Each structure stands twice: as structure tokens, then as C-alpha cells.
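Everything below concerns the one structure shown next.
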Amino acid sequence: VLALILVVGMVQASDMRFGAKAGLTLGNVNKDVEDLGFPSELFEKKMRMGMTFGAMMHMPVGENMVFIGEGAYIQKGVKIEHEGDEMIMKLDYLQFDAMMKYAFADAFGIYAGPGFGFVMAAEEEYPDGSSDDIKDFVKSTEFSLNFGAQFMAMENIVLDARYNMGLTSIPDEEGAPEVMSRTISLTVGYLF
């Protein structure tokens, strides 16, 4: 992928655009509360609200195709609620995505592609405000798939809605359930 980017980039370097983006994330996991060891009649699974920010590159590779490369800090995880008290599993990643966008028009397109993340922080936060570092108990990397849509609100403003589906299990313990992240992100970006 990197070699393709470099070769095509040299050919079309004048069309490449770089930018920055930031926005909100809604983190979740693929398992129900029962699969996580909590009785469903007492506990409820909810999305963890977080943020993401990073850099992006847009490079046309055809008439309607655009290669999108991104590097971002993204907050994932999940929230478990019991009688108003919340336990939050916080998973923060440094993520790199390589995606292809098909532009239906100058302003609108859909895209998909793989992602690769490195765990930067992992902790469980409890209702009393205390927390435990769980970085040693989660896998240090995550492979994922991205699906999304972009709208060019103006020539330089990019509105983005994305679904990031984790493909690797989060726990790094033998016999642990295969818990994978599911994250929605809504971002605004500026292309220079």
C-alpha cells in the first residue's frame, strides 16, 4: 500500500491535499452484557463518548476515486450501567487508516478500507471515580475495517461519518471472550 501511495503520489503530487480533522466518537463492543459477565436484568451496555483528532491526506487516483490516508488518536471502549452507576472501559488508540473513496459527485462520496491501531491507553473506570490500568491485559494492536461517507461542505471543509469495526479481539488472555470494538465517529476536517 505504501509503495502504491508513493508511486501514484509522485505522478499526481499536485493533486494531493493534506489536512487535519477532529470530532466525536461513540464506542461500543460486539458482545452483550451477558457475554461480558453481567446479568442483563441488572446491567445495561451503552456507548462510550470520546473524541478523535488527527491528520489526513486525499489523493485522486482516477476520475471518481480518491485514496484517503489518515493517522489519528481515537478513543474507543464501552460503558456498562447499573442503577445509574457507570463502569467505563476506555481504550485509546493511535490509528492509521488506508481507504478508497468513490465520489458520486464533487461534494459526496462513500469509502471503505482497513485500519491498524496501537493501544496508547487502556483502563477501567469505576463509579467511585477510581480506575485500573488494564493495558497489560489487552492486545497492543488492533486490525479493523472502516466504512463511511464524506460530504464536502465547502472546498476545504470535509464532514465525515464513519463506522470502524474491530477485527481482532481486545482481551489478551487465554479463554477470554472475543470482544471486538465497534466505533462510530463524526468528524469535521479542513483540507489545505
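The values are calculated or read from the model by the stated rules, or taken from the named source; none is laboratory data. Not measured: the values here are computed from a predicted model. Ideal geometry is used to build each Cβ from the backbone, glycine not excepted, and the neighbour counts take in all protein chains shown. Accessible surface is based on the protein model in full, side chains and every heavy atom, while ligands, DNA and RNA are left aside. Shrake-Rupley method; radii C 1.70, N 1.55, O 1.52, S 1.80 Å.
Only residues that are open to solvent by less than 80 Å² (accessible area, probe 1.4 Å), assigned to a loop (DSSP other than H, G, I, E, B) and charged (D, E, K, R): list them for region 101-157, please.
Result: Lys139, single match.
I need the full set of residues from region 51-72 which are buried (at least 16 other Cβ atoms within 10 Å of the Cβ) and of a type outside the set (A, V, I, L, M, F, W, C), in order please.
Thr52, Gly54, His58, Pro60, Gly69, Glu70
Is it the case that Ala98 is in a strand (DSSP E or B), farther than 30 Å from Leu42 by Cβ and either in contact with a Pro (Cβ under 7 Å, 6 or more places away or on another chain) or open to solvent by less than 80 Å² (accessible area, probe 1.4 Å) (or both)?
Judged against the criteria, Ala98 is a match.
For the list (1) in contact with a Ser or Thr (Cβ under 6 Å, 6 or more places away or on another chain); (2) open to solvent by less than 50 Å² (accessible area, probe 1.4 Å), I need the number of the one condition that Met89 fails.
Single failed check for Met89: (1).
If a residue must be in contact (Cβ under 8 Å) with a residue 40 or more places away in the chain and under 16 Å from Gly115 (Cβ atoms), how many such residues does region 55-67 contain?
Number satisfying all stated conditions: 3.
Is region 38-50 home to any residue that is open to solvent by less than 20 Å² (accessible area, probe 1.4 Å), over 15 Å from Arg162 (Cα atoms), modelled with pLDDT of 90 or more and hydrophobic (A, V, I, L, M, F, W, C)?
Within region 38-50, none of the residues are open to solvent by less than 20 Å² (accessible area, probe 1.4 Å), over 15 Å from Arg162 (Cα atoms), modelled with pLDDT of 90 or more and hydrophobic (A, V, I, L, M, F, W, C).
Name the residue that is nearest to Lys79 (Cα to Cα), counting only residues in region 166-189 that are surrounded by fewer than 14 Cβ atoms within 10 Å (Cβ to Cβ) and of a type in the set (Gly, Ala, Ser).
By that ranking, first place goes to Ala176.
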